[in-house]
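Heads up, the thing below is written out as structure tokens.
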Amino acid sequence: VRMALVAIVALVAGVDSSALVLLVPLGVLALVLLGVEIGSFLAPFGLLYKDVPRAVQILTMVWFFVTPIIYSSSDAPKLDALNPVSILLVACRDLVLGEHAPLALAAGWSIAIVALLPFTFALYRLATPHLVDRAVS
């Protein structure tokens, strides 16, 4: 629904875009899968150790300021290449606005995210019985 609203606002505002704007849902899907992957990786540790949720809150706040959500990422492009959220957000934003998007980096991070997803799910599935057993006893 939000993407449809963004498309309507972009049409009303007269933003020039190309056919590559159709790749934006794939970038958003990659961002969602990255969140699922990080969450499923950290969930067992968060259940075992009470410091993990606090550390995640602090790291999320720092990561929020490092990720170019509002500002331009042209100041430190090499640093941004290491941040998958940065690359995917910038690629989606540039595709919507019709600018030159870092499609190669976004595709590389998307492939890495999809490739690591089964590993994180297997780790979560492996840890779940041990966490349940520990919680019961």
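The values are calculated or read from the model by the stated rules, or taken from the named source; none is laboratory data. Everything numeric in this text was worked out from a predicted model, so none of it was measured. Positions of Cβ are backbone-derived with ideal geometry, glycine not excepted, and every protein chain shown enters the neighbour counts. Please note that ligands, DNA and RNA were not included when accessible areas were found on the heavy atoms of the full protein model with its side chains. Shrake-Rupley method; radii C 1.70, N 1.55, O 1.52, S 1.80 Å.
Tell me yes or no: at least one residue of the stretch 111-119 is buried (at least 19 other Cβ atoms within 10 Å of the Cβ), in contact with a helix residue (DSSP H, G or I) (Cβ under 6 Å, 6 or more places away or on another chain) and in a helix (DSSP H, G or I). Among the residues of the stretch 111-119, at least one is buried (at least 19 other Cβ atoms within 10 Å of the Cβ), in contact with a helix residue (DSSP H, G or I) (Cβ under 6 Å, 6 or more places away or on another chain) and in a helix (DSSP H, G or I), which makes the answer yes. Among the conditions (1) of a type in the set (A, V, I, L, M, F, W, C); (2) open to solvent by 60 Å² or more (accessible area, probe 1.4 Å); (3) assigned to a helix (DSSP H, G or I), the only one that VAL85 does not satisfy is (2).
Conditions (1) under 15 Å from the mean Cα position of the chain (by Cα); (2) over 24 Å from PRO84 (Cα atoms); (3) free of Cβ contacts under 8 Å to residues at least 12 places away in the same chain; (4) open to solvent by 80 Å² or more (accessible area, probe 1.4 Å), marked per residue:
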{"site": "MET3", "(1), (2), (3), (4)": "no, no, no, yes"}
{"site": "ALA10", "(1), (2), (3), (4)": "no, yes, no, no"}
{"site": "GLY14", "(1), (2), (3), (4)": "no, yes, yes, no"}
{"site": "GLY27", "(1), (2), (3), (4)": "yes, no, no, no"}
{"site": "LEU33", "(1), (2), (3), (4)": "yes, no, no, no"}
{"site": "GLU37", "(1), (2), (3), (4)": "yes, no, no, no"}
{"site": "LEU47", "(1), (2), (3), (4)": "no, yes, no, yes"}
{"site": "PRO53", "(1), (2), (3), (4)": "no, no, yes, no"}
{"site": "GLN57", "(1), (2), (3), (4)": "no, no, yes, yes"}
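Scanning the stretch 66-99 for residues that are farther than 14 Å from LEU31 by Cβ and at pLDDT 80 or above returns a single hit, ASP94. Taken over the stretch 17-53, the criterion of being within 14 Å of ALA101 (Cβ to Cβ) and not in a helix (DSSP H, G or I) is satisfied by SER17, SER18. Quick one: would you say LEU126 is in a helix (DSSP H, G or I) and either at pLDDT below 85 or open to solvent by less than 20 Å² (accessible area, probe 1.4 Å) (or both)? Against the criterion (in a helix (DSSP H, G or I) and either at pLDDT below 85 or open to solvent by less than 20 Å² (accessible area, probe 1.4 Å) (or both)), LEU126 does not qualify.
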